[in-house]
Amino acid sequence: MDKKILLSEKDIPKNYYNLAADLPFQLSPPLHPGTKQPVGPDDMSPIFPMALIEQEMSTQAEIPIPDPVREAYAIYRPTPMIRATRLEKALNTPAKIYYKYEGISPAGSHKPNTAIAQAYYNKMEGTKKLITETGAGQWGSSLAYACNLFELDCTVYMVRISFDQKPHRKTMINMYGAEIYASPSERTQSGRNVLKAFPDSPGSLGIAISEAIEEALQEETSKYALGSVLNHVLLHQTIIGLEAQKQMDIAGDYPDVVIGCHGGGSNFAGIAFPYVREKINGKDIDIIAVEPESCPTLTKGKLEYDFGDQAGFTPLMRMYTLGHDFIPPVIHAGGLRYHGAAPMVSAILENNLMRAETLSVEAAFSGARLFTKTEGIIPAPESSHAVQMAIIEAEKAREEGKEKTILFNLSGHGLLDMSAYAE
Ligand SMILES: Cc1ncc(COP(=O)(O)O)c(C=O)c1O
C-alpha cells in the first residue's frame with residue numbers, strides 16, 4: 001500500500017463542481033439591504049467582475065476551469081492525498097485515516113485555489129487592483145500571490161490581532177508585491193468609526209471586509225475579492241474534493257466520514273461538496289464541519305438574514321450567524337474567527353446533509369501535537385480542528401470495533417503560526 005496517492009497534472013479537474021445544481025431544495029437568494037429584494041448582477045458589478053457574478057448565481061453543475069487557471073494550478077496541484085498510517089498506529093484504531101494536503105501550495109493553504117481564479121477573471125475584465133481582507137493571513141498572502149501571477153495590484157486589510165501575532169505573513173504579502181494594513185485602520189470611514197468607539201479593537205473579519213469593500217468602491221478599476229463564504233469561492237475550492245474522489249478510487253477506498261474545519265466554509269465545502277452530491281444520490285456519508293468553541297457560528301448561531309461584514313456593505317445573506325457586529329474572542333485560529341457561514345453550507349446543515357461540531361482550542365492543539373509527532377506536518381491552527389475531529393472519529397471506531405474510512409482536509413501548514421504553538 002502506498003503512503004501517498006498522487007495524481008498527474010493532467011488529472012487537475014477541467015471543471016469546478018457547483019452543488020447548487022443538485023440541491024433538493026431552493027437556496028434563499030441574497031437580498032438588497034434597502035429594498036429587501038433579491039440582488040441582481042448590477043448590484044454586485046461595482047465590486048465583482050461579471051464572470052464571478054455569473055458563477056455566484058449559476059445552477060449549472062459543471063463550470064469549466066479556464067486553461068490559464070489550470071496552468072497556474074499546476075505549480076502545486078494536484079495536491080497529495082496521504083494515508084496517516086503512523087497516526088492510525090498511535091491511536092491503535094481499526095479506522096483508516098486519509099488526508100488531502102493543501103499546505104503544499106505556495107501560500108501554504110487551500111486559499112490559492114480561489115485566489116488564482118479570482119485574479120484571472122478580474123484580469124480578463126480589466127481590473128487593475130484587487131482589495132481584500134485577511135484573518136490569519138493565509139488568504140491575504142494567497143491573493144497577493146495570485147495578483148502577482150496576473151500582474152494586478154493588491155491591497156490587504158489584515159485583522160489587527162493577527163497582524164500583531166503573525167508578522168511574517170505581512171512580510172510574505174510584501175514579498176509578493178502587495179500592500180498590507182492592520183484593520184481597523186484610519187484609511188477608511190468604516191475603520192475610523194470602529195477606532196473611535198473602540199480604540200483598542202482587535203479587529204474582526206467583518207470589519208476588515210467593510211474596509212476592503214469601501215476602498216474597492218472608490219475606483220472603477222478596483223474590485224473586491226472575498227476569500228470564503230460566497231458561492232463562487234466555494235465553487236473554486238471543489239477541486240479539492242474532485243481530486244480526492246479520484247485518489248480514493250485509486251486507493252480502492254470510500255470515505256464513511258468526511259471532515260473539514262469551518263471558518264467561512266470554503267475548505268470544508270471544497271472537500272465536502274462533491275461528497276454531498278453523492279450523499280444526495282443515496283450514499284451514507286457522515287460529513288462534519290468543525291468550528292472553534294469560541295466562535296460557534298454553525299452550532300450556536302441563528303439561521304437568518306444578516307450582513308457578511310460589520311458595516312453592512314454586503315447584501316443580506318441567509319446564513320448561520322452570531323450577528324454581524326459580533327467581535328469573536330481573540331484565538332490562535334484567526335481564520336475561524338468569522339461571525340457568519342457560507343449560505344450554501346448553512347442550507348445543507350439546515351437540511352441535515354451534514355453536521356457541525358465544536359472543539360476547544362486545547363483539544364484542537366492536542367490533535368495538532370499528536371499529528372506533528374506521528375505524521376510530521378505541523379498543521380495550521382485552523383486545520384488542527386479537522387485533525388482532532390478525525391482523531392475523535394478514529395477513537396470512536398476503536399471503541400466500537402468498527403473499520404471506518406475517514407477523510408479530512410488538512411487545509412494548511414502552521415509554519416508561520418509558531419508563536420501560537422509556542423504559547
Ligand atoms: C489554513 C486555513 N484553514 C481554514 C481556514 C478557514 O476558512 P474557510 O472556512 O473559508 O476554509 C483558513 C482561513 O483563513 C485557513 O487559513
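Here are a few things to note about the model shown:
- Within the stretch 396-423, the set of residues being modelled with pLDDT of 95 or more and surrounded by 21 or more Cβ atoms within 10 Å (Cβ to Cβ) comprises 397, 406, 407, 408, 409, 410, 411, 412, 414.
- Among the residues of the stretch 276-290, those that are more than 16 Å from the ligand (Cβ to nearest atom) and either acidic (Asp, Glu) or within 19 Å of residue 253 (Cβ to Cβ) (or both) comprise 277, 278, 279, 281, 282, 283, 284, 285, 286.
- Residue match in the stretch 405-414 (condition: within 16 Å of the ligand (Cβ to nearest atom), among the aliphatic types (A, V, I, L, M) and part of a helix (DSSP H, G or I)): no
- Residue in the stretch 37-50 that is more than 26 Å from residue 221 (Cα to Cα), in contact (Cβ under 8 Å) with a residue 60 or more places away in the chain and of a type in the set (Phe, Trp, Tyr) present: no
- A single entry from 47, 116 fulfils the requirement of being within 26 Å of residue 152 (Cα to Cα) and surrounded by 21 or more Cβ atoms within 10 Å (Cβ to Cβ): 116.
- Selected residue [more than 19 Å from residue 105 (Cα to Cα), more than 16 Å from the ligand (Cβ to nearest atom) and touching a residue at least 40 places away in the same chain (Cβ under 8 Å)] from 258, 194, 159, 229: 194
- Subset tally (residues that are modelled with pLDDT of 95 or more, more than 14 Å from the ligand (Cβ to nearest atom) and at negative phi) for the stretch 325-354: 5
- Within the stretch 119-148, the set of residues being on the phi > 0 side of the Ramachandran plot and away from the ligand (no atom under 16 Å from the Cβ) comprises 126 only.
- The helices (runs of 4 or more DSSP H) falling completely within the stretch 22-115 that include 1 or more residues that are of a type in the set (Lys, Arg) and either away from the ligand (no atom under 16 Å from the Cβ) or more than 18 Å from the chain's Cα centre (by Cα) (or both) map to 67-73, 85-91.
The values are calculated or read from the model by the stated rules, or taken from the named source; none is laboratory data. All values reported here derive from a predicted model rather than from experimental measurement. Methodologically, a virtual Cβ is constructed for each residue, glycine included, from the backbone with ideal geometry; neighbour enumeration extends over all protein chains shown.
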